[in-house]
Amino acid sequence: MSTIRVGSAPDSWGVWFPDDPQQTPYTRFLDEVAESGYEWIELGPYGYLPTDPGKLSDELAARGLKLSAGTVFEHLHRDGAPADENWNSVWKQIEDVAKLTAAVGGKHVVVIPEMWRDPATGEVLEDRNLTEQQWAKKTGGMNELGKAMYETYGVRAQYHPHADSHVDTEDNVYRFLDGTDGRYVNLCLDTGHISYCGGDNIAIIRRAPERIGYLHLKQVDPEVRAKVEAEDLPFGEAVKLGAMTEPPLGIPDMPPLLAEIDKLGIDVFAIVEQDMYPCEVEAPLPIAKRTRSYLGSCGIPSVTFK
């Protein structure tokens, strides 16, 4: 029988940056996520929560919270610099995040591909399709990073497909998985991003069950998604339009998806994320409470908040 450990993240409180006056202060986030009934959280952007392990441990313990993972971004495919320079710049991020994550008991680092266009302005920063050589750089580099972060810090790399990135569609997810080694890199299946990009979450779970290492639970508003597709809107603009919505108001349908994970017989984190930057500071708490209640009512016995 599986264990699906549900938690939440700063993203569900409108946090996208280490420091931003539009965002909820970290102490309020921690207070409210605990009040919502969650015990597991992610770091969010490095620097949002305290980066001193002792202080962070104290802040978490004071509220009965625990850390599941940290997050970094990668651009290993990029041309214009030696491959080792790209690798080293990503590794520098990982050193900070993985060290902090491990120090407070986390076992995972979620790795997100950097986007090919600016999420706020929509400016195209690079071609939206990778060459064969760039794919090889990305997958080979991720194998090396995953191996190095596990051997150095004892944390597992969980790769997160993302809208407006090069690992976005279902086909590109398969291509990434086919090019990487499950000993060092597995999948953070973000259900919202997969649906946003037209993919089928359950098909991915069935095709690559052994690669499901982590989950982000998220739903997409189908009407906003249709507008995004028709007008080729950047992700940041889509979020402002309400692309990511609280369950059960969007897609994918959560009960069958959780049931599919339940069949795998794995112990896995399922972190609730609802992209909502920017948002009023009063908005996240009632959404978080409703979402926790809804997920607990889906009838999947392996879902736990412990």
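The values are calculated or read from the model by the stated rules, or taken from the named source; none is laboratory data. Just so it is clear, the structure is predicted and the values come from calculations on it, not from any experiment. FYI the Cβ positions are ideal-geometry reconstructions off the backbone, even for glycines, and counts take in every protein chain you see. Side chains included, ligands, DNA and RNA excluded: accessible areas come from the protein's heavy atoms. Shrake-Rupley method; radii C 1.70, N 1.55, O 1.52, S 1.80 Å.
Would you confirm whether or not the range 102-116 contains a residue that is farther than 24 Å from residue 6 by Cα and surrounded by fewer than 20 Cβ atoms within 10 Å (Cβ to Cβ)? Yes, the range 102-116 contains a residue that is farther than 24 Å from residue 6 by Cα and surrounded by fewer than 20 Cβ atoms within 10 Å (Cβ to Cβ). Within the range 107-146, if we keep just the residues that are aliphatic (A, V, I, L, M) and part of a loop (DSSP other than H, G, I, E, B), the residue that is nearest to residue 270 (Cα to Cα) turns out to be 115. Does residue 145 meet the test of being open to solvent by less than 40 Å² (accessible area, probe 1.4 Å), in contact (Cβ under 8 Å) with a residue 24 or more places away in the chain and over 21 Å from residue 93 (Cα atoms)? Against the criterion (open to solvent by less than 40 Å² (accessible area, probe 1.4 Å), in contact (Cβ under 8 Å) with a residue 24 or more places away in the chain and over 21 Å from residue 93 (Cα atoms)), residue 145 does not qualify. Whenever a residue of the range 73-84 is closer than 15 Å to residue 157 by Cβ, its partners that are outside any strand (DSSP E or B) and at pLDDT below 80, lying with C-beta atoms within less than 6 angstrom and at least six residues away or across chains, give the pairs 76/86. Go through the range 147-164 and report how many residues are assigned to a helix (DSSP H, G or I) and among the charged types (D, E, K, R). Of the residues in the range 147-164, 2 are assigned to a helix (DSSP H, G or I) and among the charged types (D, E, K, R). Of everything in the range 1-14, what is more than 13 Å from the chain's Cα centre (by Cα), closer than 21 Å to residue 39 by Cα and among the aliphatic types (A, V, I, L, M)? Give them in sequence order. Correct list: 4, 6. Among the residues of the range 240-258, are any part of a loop (DSSP other than H, G, I, E, B), closer than 17 Å to residue 165 by Cβ and either open to solvent by less than 30 Å² (accessible area, probe 1.4 Å) or at pLDDT 95 or above (or both)? The answer is yes; a qualifying residue exists. With respect to residue 223, determine if the residue is out of contact with any Asp or Glu (no Cβ under 9 Å at 6 or more places or on another chain), acidic (Asp, Glu) and farther than 21 Å from residue 115 by Cβ. The answer is yes for residue 223.
For the range 187-211, a tally of residues being among the hydrophobic types (A, V, I, L, M, F, W, C), surrounded by fewer than 17 Cβ atoms within 10 Å (Cβ to Cβ) and part of a loop (DSSP other than H, G, I, E, B) returns 0. In the condition set (1) within 29 Å of residue 302 (Cβ to Cβ); (2) open to solvent by 50 Å² or more (accessible area, probe 1.4 Å); (3) free of Cβ contacts under 8 Å to residues at least 60 places away in the same chain; (4) not in a helix (DSSP H, G or I), residue 31 is compliant with all but (4). Selection within the range 55-90: residues that are open to solvent by less than 40 Å² (accessible area, probe 1.4 Å) and assigned to a helix (DSSP H, G or I). The member of this set that is farthest from residue 213 (Cα to Cα) is 59.
All of (1) within 27 Å of residue 22 (Cα to Cα); (2) touching a residue at least 60 places away in the same chain (Cβ under 8 Å); (3) among the polar types (S, T, N, Q) hold for residue 302 with one exception: (1).
Going by the structure shown, is residue 76 over 18 Å from residue 10 (Cα atoms) and aliphatic (A, V, I, L, M)? Criteria met by residue 76. For the range 277-286, the criterion of being at pLDDT below 95 and buried (at least 18 other Cβ atoms within 10 Å of the Cβ) is met by at least one residue. Selection of the range 217-231 for residues being under 23 Å from residue 6 (Cα atoms) and out of contact with any helix residue (DSSP H, G or I) (no Cβ under 7 Å at 6 or more places or on another chain) yields only 221.
Residue 36 satisfies every condition listed in (1) closer than 24 Å to residue 283 by Cβ; (2) open to solvent by 20 Å² or more (accessible area, probe 1.4 Å) except (2). The residues listed here are 195, 302, 293, 297; of these, the one that is in contact with a Ser or Thr (Cβ under 6 Å, 6 or more places away or on another chain) and among the hydroxyl-bearing types (Ser, Thr, Tyr) is 302.
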